Structure formats: C-alpha cells, structure tokens
Amino acid sequence: MPAKDKNNGINGSDRAPLSQRRFKMPEIRDEKDLGAKVKITIDDHDLEVPFGTTILEAARTLSIKIPTLCHHEDLCVAGVCRICVVEIEGQRTLQAACAYPVTGPLKISTYSPKVRKARRHNLDLMLKHHYGECYSCVRNNNCELQSLAKEYGVDFYRFGHDDKPHHEVDRSSYSVVRDMNKCILCRRCVRTCIDLQEVGVLEAVNRGPHTEIATFNDMPLGDVVCINCGQCINRCPVGALRAKDPSDEIWAAIDDPKKHVIIQTAPSPRAAIGECFGLPPGTSVTRQLNTALRRAGFDKVFDTNFTADLTIMEEATELLIRLKKALVDKDKTVKLPQFTSCSPGWVKFCEHFYPEFTDYLSSCKSPQQMFGALLKTWYAEKAKIDPKDIVTVALMPCSAKKYECNRPEMTSSGFKDVDYGLTSRELAQMIMETGLDLPNLPASDFDDPVGEASGAGLIFGATGGVMEAALRTAVEVVTGIKTEDIFKNLDITPVRGFEGVRYYEIPIPKTAAVPELLQKSLGVKTFDFLKGATLKVAVAHGTANARKVMENIKAGGKFAEAHFVEFMACPGGCLGGGGQPIPTSPEIREARAKAIYAEDAGLELRKSHENKHVVDLYKEFLKDGPCGHQSHHLLHTHYLKRGKRIV
Amino acid sequence: MTRRKTDLVLFSELTVEKALKRALGRERAELIGEIRDSGLKGRGGAGFPTGTKWNLAGAAQGERKFVVCNADEGEPGTFKDRVLLTEYAEHLFGGMVLAAYCIGAGEGIVYLRGEYEYLMRGLKETLASMRERHLLGKDCAGKKGFEFDIHIHLGAGAYVCGEETALIESLEGHRGEPRNRPPFPVTTGYLGCPTAVNNVETFITALHIVEKGAAWFKKFGTSKSTGTKLFSVSGDCARPGVYEFPMGITVANLLKEVGGEEAKAVQVGGASGRCVARHEFGSTIAFEDVSTGGSIIVFGPTRNMLQVAKNFMEFFAEESCGQCTPCRYGTETLLEGIKLLEQKKCPMKYLRELVSLGETMQIASKCGLGQSAPNAFISILQNFKHEILAHPQGE
Ligand SMILES: Cc1cc2nc3c(=O)[nH]c(=O)nc-3n(C[C@H](O)[C@H](O)[C@H](O)COP(=O)(O)O)c2cc1C
Ligand code: SF4
Ligand code: SF4
Ligand code: SF4
Ligand code: SF4
Ligand code: FES
C-alpha cells in the first residue's frame, strides 16, 4: 500500500536522497507486470517470486542466508556496504542482493568463489579502519560485524588494522555516546535520523577514505538538534553508537548503605528485556524482574504504571479544562489540540522544530518524572526517609529519558527528581553481572504503597496506548456510560496498530455530572457543554509521522480540528524505544505490543481513575484534585521555545 | 592546441535549424529507428546504444520526462566536450531537442562542469537566440504542440557527478552519490521521472545521423563501433589536441597522427581506462577492443610508470564518493600499496593480494568509478612488471 494511504491522506516531505531511499523497485508501470511472477534460480534452488522482489528477500524465503550490514528492515535500501553481493550468471559485476530487484529470470549464486572473495575483502577493508576491542565493547556478542568476522573466518587483518583511535569519543549528549572509531559507514543511523525520524542531525561528510558521519558543522551531539530518541543506536550494526550508561553510579548507590535506592519500571522494558536473556520477543517478565531487582539490591521496586494512571488523571483533566475554556468561556487563547508530553524525544522535537506550538503540549510531566517528584516528597515523608538519601532510578525503554531527567526544570521536589534513567539493555547487563537467571526466577509483586496499577498505564508502552488509556477514563467520566459498554472488552481498537498516523472520532451522546474530584479544577458541575459534541483524536508515532501531522495542523488541515493528539518519538511507541534490546524490526515490535496488550487484557483494573492508590494520593497528598495547586507544583512542567537554539 | 577538423561527422556541415525542422517533421519511431540502425553508442564512456536508451525512455510512463546533457567532462585528459560546448553549442541544443522529441520530454538540463563556468554566458546567449528563432519553447522547431526548453545547471567539481545517477542526485540538490541500478534513469531518473542522460558528443552525433542517414554514418568505423569519435590527446606527443578519427583506428596509427610514435605506453580512456603498452599498439580503439570516452594520454620513453599509476590512484582516492566499502577503502589501500612499491617494501605476496583486491573492486563496487579505479593499476602492473619490480621488494 502506498505510504499516502497508510498515513491517513497526508504526506510530509521526503527528505532523504533517492540514492538512500524507499524504492524497492522500478515502479511497476506496466499493467502486465502487476502481480507477475518471475522464475529464478538461487544456488540451484528454483523458485518463483513476485516481480520486484529483491534477491535478498527471495533468498530469505528459501532460508538462504545472505549477509547484510547496511540493510535494515525499517529503512530504505542503501546498497553501500557491498557485503551482500551475489553473482548473477551473465553479468560482469556482482550485485548487491539487498538492492537488486528481480524483474526477469536470473540464475544467482550466493557463495561462488568470486562472492566469497569479495565479501572477505569487504570485511578486511572495514576492519582496516575499525578501531575497538570486542571485550571492552557494549556490543560484544551482539555485533553484526563481529559475527561476520567469525562467519567469514577472519584470522588476520589482510590490509592492516588501525592501532590508534582516529576520532575522539563524543560524550557530550546526555543520551547518546558516539564512538566513530567503530563506525563502518553503513549509514543506518543517517537513514534512521533523516528518513524514519526526519530530524536529520547525522549526515555523511567528506569523500573517499575521509568519509565520516558527522553532525552539523561537526558539533558535539549535545549541541545540535538531536532529540535523543536513540533510534540510531538501535539500528547501528556495531558499537559506534550507544546510550550513556549510568550503571556504575547505580551500583555505587546500591553499595552505599546510607542510600535508599528505588527503581521504577516502565511496561515496555518488561516486555522486552527477556530478549537479552534468550527469550523470544514478546515474553513479558514483569514479576520475575521484580525479584531480580530486589536481589540485585534495589530497596524498593515500583511500577511506573502508577504514575501513568496519575498522568491520565492530570492530562485528561487538563484536556477537559481546555475544552471547557474554549466552549464555555469562549476563550480564544486556548490551545487545541492538546499534545501529549510523555515522550521526551517528541517534546524536544516539538521544541526545536515547532517552537510556536509548545503551548499545545500538555503541561503534564511524563510518568517517570511524576514518580520521581513524588518519591522525593510524598514517599519520603511517608517512609520517613530524608529525600537527600533517596536515589531514584527509572528503568525505561528510552534514551531520551536520560536527557529528560537532567532537564533543569525537573527538580520540583527540591532535588533531582529522577537521578538515573536506565535502559533495558543496561539493566540486562547489570543483572547478568549478578549471575541471576532472570527467566527462571520466582515471580514477585511490586512494592507498596503503590503496588497495583491499571492496565491503562500498562498500554502506555504501545503507540496509541496513551490515547486509549485517556479515552477509557475521559469517555466514562464525561458520558457516565461505562467505557466497556461502548468498546467491547474495553479495547479501543481504532487507536491501536502500527499505521504511522491514525485518526478517530468519538461522538458524545450524553453527558454526566462532573465528579467531585474534578469540580474544583473545572469550575462547572456538569459536562453539558460537551453534549452532542464529537471528540476527535489522533495518534502518530516516529517523528517523521509527527512532522506530517504537525504540517497538517499548521496548514489548517483536518488534524487542526482534533482535540487531543498522541505523539511518540519512537516507531511503535515506547516498546520500540532507543533503549530497548537490539535488534529491532517490525515483527519484534509487534510481538512486544502483543505481550503488552495481552497483559492488559488479563487485568481486573484497566481504567486509571479506578486505581485506588491514585484516588488515595489525591485525597491524602495532592489535596485539591487533578491540575490543582500541589499537582501543578510537582506534576506539571513548562517547555522551551528552542527552535534551532540549543538550550 | 591542434584542432584537427577532418569534417567526417562531428565537424561536418550542418544547419541546425534546417536539420531540426526536417527531423521533427518525421515520426518519433522512425527517428529512433534511424539512430538504432546507425549503431550509435554513447560517447560518454560506457557505450550504451543511444537508440535503445531513447526507445526505453520514450516507452516509459511519466507525467514529466527529462533530457539531460552530461557536460561534466571530468575524466582526466578529456577536453573534447569543452570544444564542442564552445564552438557547437547550437548543435548540442539541437541534439537535445531531437532527443526530447523522440522520448516526449518537455524539459532539458545541461549539467555543466563547474570549471566551465566561463562558458555559461555563451551558452545562454545561444539558448536565447534559439528561443527567438522558435527552436526552443512552444511549438518548438515548427512542431505544433511540442514544447521544450533547456536550462543549465552548474556542477561543483566532483568527478563522480559525471556518473549519470550521481549527476541526477546532484541536480536534485543532494550529495553527489551514485544510486542503485536498477532502476535506471530511463524509467526513474531526475525527480523520479523518465530521463535520458547523454554525453555532449552523443547529442551532436545523433543530430548529424538523422540529417544524413544511418547508412552514411555507418560508412565510418567498424561494424560494432560505428562512426567517428572525438579524442582528446595529451601528454608526450608533438601535436596534442582534439581529433576526430573513425572508430577502430589502431593505437599506432593514432600515435602517428599526433606525433607520439616514441611512446612507451598510452593511457586510453583516462584514469578509469586502460594502459596500453608498446606491444599492444596494434589494438584498435573501439568498444569491442580498447574502449574510451575520448581521453588519450601519451607516455614517452622516460616516464616512470609507477608514478603514473600513483597519480591515477591518488585521483580515485580523492574522487571516490565514499559510499561503498570496496571503493572507499580499496582506492586508499591500493594507493598505499603503490607507495610501498615505491619504497621497495611491497612483498610479492602482498602485491598479489592487492591485485586480487583490485579485481574485487572491479566487480563489487557500486558504480563505474570504483569498478574502473583499479584498471590503470592492474594494467600498468601487468605491462611494466619489470620496470616496477626491478628492485627487490624486501622479504
Ligand atoms: C565516475 C564516472 C564519471 C563519468 N563522467 C562522465 C562525464 O564526465 N561525461 C559523460 O558524458 N559521461 C560520464 N560518465 C558516463 C555516464 O555515467 C553515462 O554513462 C553517460 O553520461 C551516458 O551518456 P552516453 O550514453 O551518451 O555516453 C561517467 C561515468 C562514471 C562511472
Ligand atoms: S563494534 Fe563489534 S567488532 Fe567492534 S569492538 Fe565492538 S563488538 Fe567488536
Ligand atoms: S538520537 Fe534520534 S535524533 Fe539523535 S541522532 Fe539519533 S536518531 Fe537522530
Ligand atoms: S554510526 Fe553505526 S549506524 Fe551509523 S554509519 Fe556508523 S556503523 Fe552505521
Ligand atoms: S564505487 Fe566509489 S564512487 Fe561509486 S558509489 Fe562506490 S564509493 Fe562511490
Ligand atoms: S546489505 Fe546490501 S549493500 Fe549493504
């Protein structure tokens, strides 16, 4: 299906050069070629493939392995590493299997002498300038170059090997560390940043052997418009890109008896971290992980879903307030649609590229940051611990969370609200260091006082999840009809799925009284002002898709009419975050999403406003309800109109 | 500089206006057929049959189509397009109108080598004058309903931008890097539209052919390489310059014409071509034998051939776009090898490995640049083994 239809009738700019982009194939212009099959032979196996299939795809259907490096399922074809070359009978040159479309009968050999020699030469040339040692490399044992060196029996460096680094390691960013000494110039990061994310901070510069991947003007990554999404890390075949690892500091805190070390775990890492321990994608290990974390030495293990529920209360209330101001008070300055703000990559994207829209962002902090602020205030008080002795760690699927917790605004507790953002990969490493066998550990629950959380918080991990969670609450509160009576099994399927942009309208047939908890913030007693209205919502994931929606809003298109838009920086939402296990692919993300939705479906509690811990928190601590005074202080934030400025 | 006008084909008499008006009175298919019959192959180096290219571009579906003239002339030792651009601009534009009519294009672009900026004024004046005479624009050359115009795009000095798909990337405002082929420009070219990219000389030759007939053209050259070709001759000879010779001329005869009989070797086809040694001077210059885009560099008896190889390899290491592994690091590795040879520190075993690497580059590189980069090195090594390995190489 053309991308146009997938994205709900809107298309952004295609910014990547054609040489590095999209086409699988000369477009099929001839009617007779449509659906046509072509007979080919690969290594003496005969098969028929649809016109336009690449040799690589064809070989995979036969389980013939052709090595790849620059190819990635999420990205357009590049055809630059040349490791995938194959020999085609009658052609003088070898062809890149990843980039060669089958349009006529071919006889292909995937490991002829010429092919093997060429691959070995390619590897030798890459290794010539690859400076790094596997045992001190974050990608040891999960590196595509290392695997190939083994598969092709590299036993010496035919054309030499750099013995000193030629680049300084760039540690300027809070999230991403760039070690270009290990870069093999596959440009997966470039295509990720330009094509998939449409941020475009990475590009190839210079020519010939001087070619390198650089930022604008070769500035440190911390000083350019990088949104810290880490998608480039997830697609780098080697250890040239990695997240900034805080595990040494976390171990030090754990080992310090004076420190009370708390970890909150987000749903996406729990559905993915098993992959680092050999489990198939989509195996949720939430409760085994609780045990592992306690044994590793964390003093408390909390569920981020608790503050996800809290986020829904705050964010849905904020939306209702905006709607009321617009409809009842006829306030022209109200900004609608309201944008979600729980994806720090998206927030920074908005600040850089759409600074004129930062007022549209919900002022709610992300669940991670809400939790941090509460831990060092409410929890400290409750547990009678001096907040200065509390160390808060957040297990997140995300590299941008590392940046987020370092934003100077994120200190409303009087301390750094969240001390460390830890990714799934880094936690897996920490657990391995303890020798704990995660998949086979006994299950255990989260710690009180916030033990149980709702399935609404859980599905935050998938694209559309925040929207669904918000709707489960908002629809019920506004109409007084149980959400499950409108949406079967409480599954709001129209906002689920992986299409880049989704749009959905929900009519509001009747309205109810405003619950007491919200009355103070809203200043009205009924939702009559919404009677007969239609709630319009949209979902976008991956910032390239976010850009499409934003351009549509700017141009006054249909998305400008929406009331609430969920934006996630990462393709697939948090489950595809830049801190998740490597590799990533559409299938892997789908499996993780399935695990999350299955877990939600199995829960009793699936609506945020029914979470009694949240209700209690408002009662005993936040006092004047969602978006009230105390909430504003601890749970809300503000944004910077950055533009291309780096603040 | 000598300019030998032999008035065979390219420099023969032709009135562009008359030729165009006559040609555009004929059917497209007939014109393409004429070009096909003539056996004309691209003059830019690769030698793809021009009639076939135009036929494919003509058959391709597209709302817009383009004719692009490759005037990037970056191959070391080539300057024949410069002469054509200076003296035969109207012929070139006429050839582009012809191509546009044949494939159904509405827009033409000349991609002009950055260093030729000084020609821009003259070219624009020619375009203006042709517009005035209705040889461009609406109802072009008297053909009702046929509209075509040309603009000039200045390159920025990268050799690789002469490769047609890198040229198109550059036209689109991207880094000049070759694309994956297929798809080819004839179906998916500039802005994704069907595009015919041809060399300056190809366009002009095509115009002569439709005016004077395929049979006339085939009188020159060999059966597989018909017609004549322009040669840019430089180096150690008495009369360097631009020459027109029939295809199939022997290297020896060519040397006689230019006063280079003393030569110990001739580089045919520029840096990406082949180094022909004395004992091979009987070979012919034609697509089926020693092929060339027109560059002939003559090396006298005292030239150090290793230096020649080094010079070429430095050029490629510099000009590689850096996209694909074999070319990016292969050119560098071969250059380092040449330097080792120079210092007499290249063991035979390593030298064999380098030749083997060169062979890999020839078949595994993404574009013609990397594929031809080792040619000079390999052929010089083959032909001048004794000179280069005269001294022991250690180990
Ligand atoms: C590295 C490289 C450089 C090239 N430079 C030129 C050039 O300067 N001029 C040119 O006409 N063709 C050049 N070519 C050939 C073009 O890719 C293409 O084949 C040609 O423009 C097609 O026109 P023709 O069929 O009329 O020869 C180059 C090819 C390569 C691989
Ligand atoms: S990137 Fe891969 S090959 Fe390089 S040091 Fe790391 S693990 Fe080893
Ligand atoms: S983290 Fe995201 S924005 Fe930053 S360079 Fe990587 S892909 Fe681009
Ligand atoms: S940093 Fe990684 S993804 Fe980017 S080009 Fe280098 S090896 Fe490829
Ligand atoms: S062969 Fe050389 S010039 Fe051609 S694509 Fe590869 S690196 Fe670029
Ligand atoms: S995987 Fe095909 S060229 Fe890199």
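Please determine, by comparing only the residues of the stretch A:117-154 that are charged (D, E, K, R) and free of Cβ contacts under 8 Å to residues at least 24 places away in the same chain, which one is farthest from the other protein chains (Cβ to nearest Cβ).
Across the stretch A:117-154, the extreme among qualifying residues is A:Glu133.
Looking at this structure, is B:Glu115 surrounded by fewer than 23 Cβ atoms within 10 Å (Cβ to Cβ), under 18 Å from the mean Cα position of the chain (by Cα) and either away from ligand 1 (no atom under 15 Å from the Cβ) or touching a residue at least 12 places away in the same chain (Cβ under 8 Å) (or both)?
Yes; evaluated as a whole, the condition is true for this residue.
β-branched (Val, Ile, Thr), surrounded by 24 or more Cβ atoms within 10 Å (Cβ to Cβ) and over 24 Å from A:Leu221 (Cα atoms), is that true of A:Thr434?
Answer is no for this residue.
Would you say B:Arg22 is away from ligand 1 (no atom under 16 Å from the Cβ), closer than 23 Å to B:Lys218 by Cα and touching a helix residue (DSSP H, G or I) at 6+ places or on another chain (Cβ under 9 Å)?
Considered against the rule, which asks whether it is away from ligand 1 (no atom under 16 Å from the Cβ), closer than 23 Å to B:Lys218 by Cα and touching a helix residue (DSSP H, G or I) at 6+ places or on another chain (Cβ under 9 Å), B:Arg22 comes out as yes.
For the subset of the stretch B:48-62 comprising residues that are more than 11 Å from B:Ala105 (Cα to Cα) and away from every other protein chain (no Cβ under 13 Å), which member is nearest to ligand 6 (Cβ to nearest atom)?
Ranking the qualifying residues of the stretch B:48-62, first place goes to B:Phe48.
Could you give me the residue pairs with C-beta distances under 9 Å whose first residue belongs to the stretch B:287-298 and is touching a residue at least 60 places away in the same chain (Cβ under 8 Å) and under 14 Å from B:Ser234 (Cα atoms), whose second residue is of a type in the set (Asp, Glu) and surrounded by fewer than 21 Cβ atoms within 10 Å (Cβ to Cβ) wherever it lies, and which are 6+ apart or on separate chains?
Listed by first residue and then by second, the contacts come to B:Ile297/B:Asp236; B:Val298/B:Asp236; B:Val298/B:Glu262.
Can you find, within the stretch A:80-126, the residue that is nearest to ligand 6 (Cβ to nearest atom) among those that are of a type in the set (Asp, Glu) and under 39 Å from the mean Cα position of the chain (by Cα)?
A:Glu87
Take A:Lys510 and tell me if it is free of Cβ contacts under 8 Å to residues at least 24 places away in the same chain and more than 30 Å from A:Val190 (Cα to Cα).
Criteria not met by A:Lys510.
Name every residue in the stretch A:70-97 that is assigned to a loop (DSSP other than H, G, I, E, B), within 9 Å of another protein chain (Cβ to nearest Cβ), touching a helix residue (DSSP H, G or I) at 6+ places or on another chain (Cβ under 6 Å) and not polar (S, T, N, Q), in order of residue number.
Matches in the stretch A:70-97: A:Ala78, A:Cys81, A:Arg82, A:Ile83, A:Leu94.
Taking only the stretch A:182-212 into account, find how many residues are touching a residue at least 60 places away in the same chain (Cβ under 8 Å), charged (D, E, K, R) and either part of a helix (DSSP H, G or I) or within 13 Å of another protein chain (Cβ to nearest Cβ) (or both).
Total meeting the criteria: 4.
Quick grid of which residues meet (1) within 16 Å of ligand 5 (Cβ to nearest atom); (2) surrounded by 18 or more Cβ atoms within 10 Å (Cβ to Cβ); (3) of a type in the set (Ser, Thr, Tyr):
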site: A:Ala97; (1), (2), (3): no, yes, no
site: A:Gly104; (1), (2), (3): no, no, no
site: A:Lys107; (1), (2), (3): no, no, no
site: A:Ser112; (1), (2), (3): no, no, yes
site: A:Glu133; (1), (2), (3): no, no, no
site: A:Ser136; (1), (2), (3): no, no, yes
site: A:Arg139; (1), (2), (3): no, yes, no
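Touching a residue at least 24 places away in the same chain (Cβ under 8 Å), at positive phi and more than 14 Å from ligand 4 (Cβ to nearest atom): does that describe A:Gly52?
Here the answer is yes, as A:Gly52 does meet what is asked.
Is there a residue in the stretch A:631-643 that is more than 30 Å from A:Val176 (Cβ to Cβ), surrounded by fewer than 24 Cβ atoms within 10 Å (Cβ to Cβ) and either aliphatic (A, V, I, L, M) or in contact with a strand residue (DSSP E or B) (Cβ under 8 Å, 6 or more places away or on another chain) (or both)?
Scanning the stretch A:631-643, I find no residue that is more than 30 Å from A:Val176 (Cβ to Cβ), surrounded by fewer than 24 Cβ atoms within 10 Å (Cβ to Cβ) and either aliphatic (A, V, I, L, M) or in contact with a strand residue (DSSP E or B) (Cβ under 8 Å, 6 or more places away or on another chain) (or both), so the answer is no.
This table checks each residue for (1) surrounded by fewer than 22 Cβ atoms within 10 Å (Cβ to Cβ); (2) of a type in the set (Asp, Glu); (3) more than 15 Å from ligand 2 (Cβ to nearest atom).
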{"residue": "A:Tyr152", "(1), (2), (3)": "yes, no, no"}
{"residue": "A:Tyr157", "(1), (2), (3)": "yes, no, no"}
{"residue": "A:His161", "(1), (2), (3)": "yes, no, no"}
{"residue": "A:Val169", "(1), (2), (3)": "yes, no, no"}
{"residue": "A:Ile184", "(1), (2), (3)": "no, no, no"}
{"residue": "A:Thr192", "(1), (2), (3)": "no, no, yes"}
{"residue": "A:Gly200", "(1), (2), (3)": "yes, no, yes"}
{"residue": "A:Val205", "(1), (2), (3)": "yes, no, yes"}
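Yes or no: the stretch A:384-404 includes at least one residue that is within 19 Å of the chain's Cα centre (by Cα) and either over 26 Å from A:Met430 (Cβ atoms) or aromatic (Phe, Trp, Tyr) (or both).
yes
Find the residue count for the stretch A:410-428, including only residues that are part of a loop (DSSP other than H, G, I, E, B) and under 23 Å from the mean Cα position of the chain (by Cα).
4
Taking into account only those residues within the stretch B:135-162 that are among the hydrophobic types (A, V, I, L, M, F, W, C) and outside any loop (DSSP other than H, G, I, E, B), which is nearest to the other protein chains (Cβ to nearest Cβ)?
The residue in question is B:Val160.
From the list A:Thr483, A:Thr434, A:Thr511, pick out the single residue that is at pLDDT 95 or above, among the β-branched types (Val, Ile, Thr) and either under 24 Å from the mean Cα position of the chain (by Cα) or not assigned by TED's automatic domain parsing to the domain that holds A:Lys558 (or both).
Unique residue meeting the criteria: A:Thr434.
Could you tell me whether B:Thr165 is in a helix (DSSP H, G or I) and either buried (at least 24 other Cβ atoms within 10 Å of the Cβ) or at the interface with chain A (Cβ under 9 Å from one of its Cβ atoms) (or both)?
yes
Out of (1) closer than 18 Å to A:Gly578 by Cβ; (2) within 14 Å of chain B (Cβ to nearest Cβ), the odd one out for A:Gly160 is which?
Going through the list (1) closer than 18 Å to A:Gly578 by Cβ; (2) within 14 Å of chain B (Cβ to nearest Cβ), A:Gly160 breaks only (1).
Which ranges mark the helices (runs of 4 or more DSSP H) fully within the stretch B:297-395 that have 1 or more residues being at pLDDT 95 or above and at the interface with chain A (Cβ under 10 Å from one of its Cβ atoms)?
Where helices (runs of 4 or more DSSP H) fall fully within the stretch B:297-395 and carry at least 1 residues being at pLDDT 95 or above and at the interface with chain A (Cβ under 10 Å from one of its Cβ atoms), they are B:305-319, B:325-342, B:348-364, B:368-383.
Working carefully through the options B:Ala265, B:Ala271, find the one that is more than 16 Å from B:Gly241 (Cβ to Cβ), of a type in the set (Gly, Ala, Ser) and at pLDDT 95 or above.
The unique qualifying residue is B:Ala265.
Given the criteria outside the structural domain of B:Gly39 (by TED's automatic domain parsing), surrounded by fewer than 23 Cβ atoms within 10 Å (Cβ to Cβ), under 19 Å from A:Gln95 (Cα atoms) and under 22 Å from the mean Cα position of the chain (by Cα), does B:Ser356 qualify?
So B:Ser356 does not fit the description; no.
The values are calculated or read from the model by the stated rules, or taken from the named source; none is laboratory data. In this text, all values refer to a predicted model and were calculated from it rather than measured experimentally. All Cβ positions, glycine included, derive from the backbone under ideal geometry; neighbour counts span all protein chains shown.
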